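Okay, structure first, notes after.
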Amino acid sequence: MKNQPMSYKNYIWPFNPQKIQVEYSRNVSNLKLPLFGSVLQDLGCDKRVVTGTGEFIGAGCAEEFSRLASVFTEGGSGTLRLPGVVPFQAAFTSLKMIGEAQPDCVTYSFVFVEDGSAEMPAGTVPGGIYVCAGGENLWSVANRFRTDVDTLKRLNPMIQWPNGLEKGQRVVLP
């Protein structure tokens with residue numbers, strides 16, 4: 001099985017970060033009652049928090065970090081895709097360049113927080129996947145979702161024939 005590249009909005013990591021942590025937590029409160037003791041109250045799940053660290057290596061590492069930083073400065077929510085996790089809407093809340101300066105190496109860390117209030121784009125099923133109606137090609141899907149064919153090809157290495165997508169075929173969207 002091919003490992004899915006990590007992506008956020010229209011940015012696709014050239015290599016997945018070395019460490020990705022997805023934190024799930026519940027909000028449980030201990031309510032103290034007079035003459036009774038205490039009762040645990042389960043107030044539901046908190047939003048997922050995704051943290052991680054990675055490195056951009058090579059001659060263009062500073063430019064790659066700048067591209068990621070420009071996505072961060074856009075603000076707002078977008079679709080976050082992680083290897084092995086169903087894509088979800090999230091806000092990019094922190095980006096840091098860390099570590100010592102090294103030639104051709106930029107070490108970074110990031111934080112994303114799930115945005116449960118954001119809606120997925122129209123025409124997608126949960127997880128940012130478009131289901132083809134038949135008679136479509138990758139160019140028409142790219143045009144419909146305002147992206148480019150190269151991005152769709154990177155996210156969908158399993159599509160062998162971009163000229164003729166079959167009815168029911170799934171296309172991962174950025």
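The values are calculated or read from the model by the stated rules, or taken from the named source; none is laboratory data. In this text the structure is predicted, and so the values were computed from the model without any measurement. So basically every Cβ, Gly included, is an ideal-geometry build from the backbone, and we count neighbours across all protein chains shown.
Please go through the range 90-103 and give me each residue that is surrounded by fewer than 19 Cβ atoms within 10 Å (Cβ to Cβ) and of a type outside the set (A, V, I, L, M), ordered by number.
Listed by number, the residues that qualify are THR93, SER94, LYS96, GLY99, GLU100, GLN102, PRO103.
Of all residues in the range 149-173, count the ones that are surrounded by 14 or more Cβ atoms within 10 Å (Cβ to Cβ), within 18 Å of GLN4 (Cα to Cα) and of a type outside the set (Val, Ile, Thr).
The qualifying residues number 7.
When you look at LEU80, is it at pLDDT below 85 and under 14 Å from the mean Cα position of the chain (by Cα), yes or no?
Taking the combined requirement at face value, the residue does not satisfy it.
Can you find a residue that is free of Cβ contacts under 8 Å to residues at least 12 places away in the same chain, over 17 Å from THR79 (Cα atoms) and in contact with a Ser or Thr (Cβ under 9 Å, 6 or more places away or on another chain) anywhere in the range 1-11?
No, that holds for no residue.
Kindly indicate whether GLN4 is assigned to a loop (DSSP other than H, G, I, E, B) and either small (Gly, Ala, Ser) or within 18 Å of the chain's Cα centre (by Cα) (or both).
yes
For the range 16-66, enumerate the residues that are touching a residue at least 40 places away in the same chain (Cβ under 8 Å), touching a strand residue (DSSP E or B) at 6+ places or on another chain (Cβ under 8 Å) and over 15 Å from LEU80 (Cβ atoms).
Of everything in the range 16-66, those that are touching a residue at least 40 places away in the same chain (Cβ under 8 Å), touching a strand residue (DSSP E or B) at 6+ places or on another chain (Cβ under 8 Å) and over 15 Å from LEU80 (Cβ atoms) turn out to be THR53, GLU55, PHE56, ILE57, CYS61, ALA62, GLU64, PHE65.
If I filter the range 18-29 for residues that are modelled with pLDDT of 90 or more, in contact with a Pro (Cβ under 7 Å, 6 or more places away or on another chain) and outside the structural domain of PHE145 (by TED's automatic domain parsing), do I get at least one hit?
No, the range 18-29 contains no residue that is modelled with pLDDT of 90 or more, in contact with a Pro (Cβ under 7 Å, 6 or more places away or on another chain) and outside the structural domain of PHE145 (by TED's automatic domain parsing).
Scan the range 105-123 and give yes if some residue there is surrounded by 14 or more Cβ atoms within 10 Å (Cβ to Cβ), modelled with pLDDT of 80 or more, of a type in the set (S, T, N, Q) and not assigned by TED's automatic domain parsing to the domain that holds GLY58, otherwise no.
No, the conditions are met nowhere in the range 105-123.
Which of the residues that make up the range 1-35 are among the basic types (Lys, Arg) and loosely packed, with under 10 Cβ neighbours inside 10 Å?
LYS2, ARG26, LYS32
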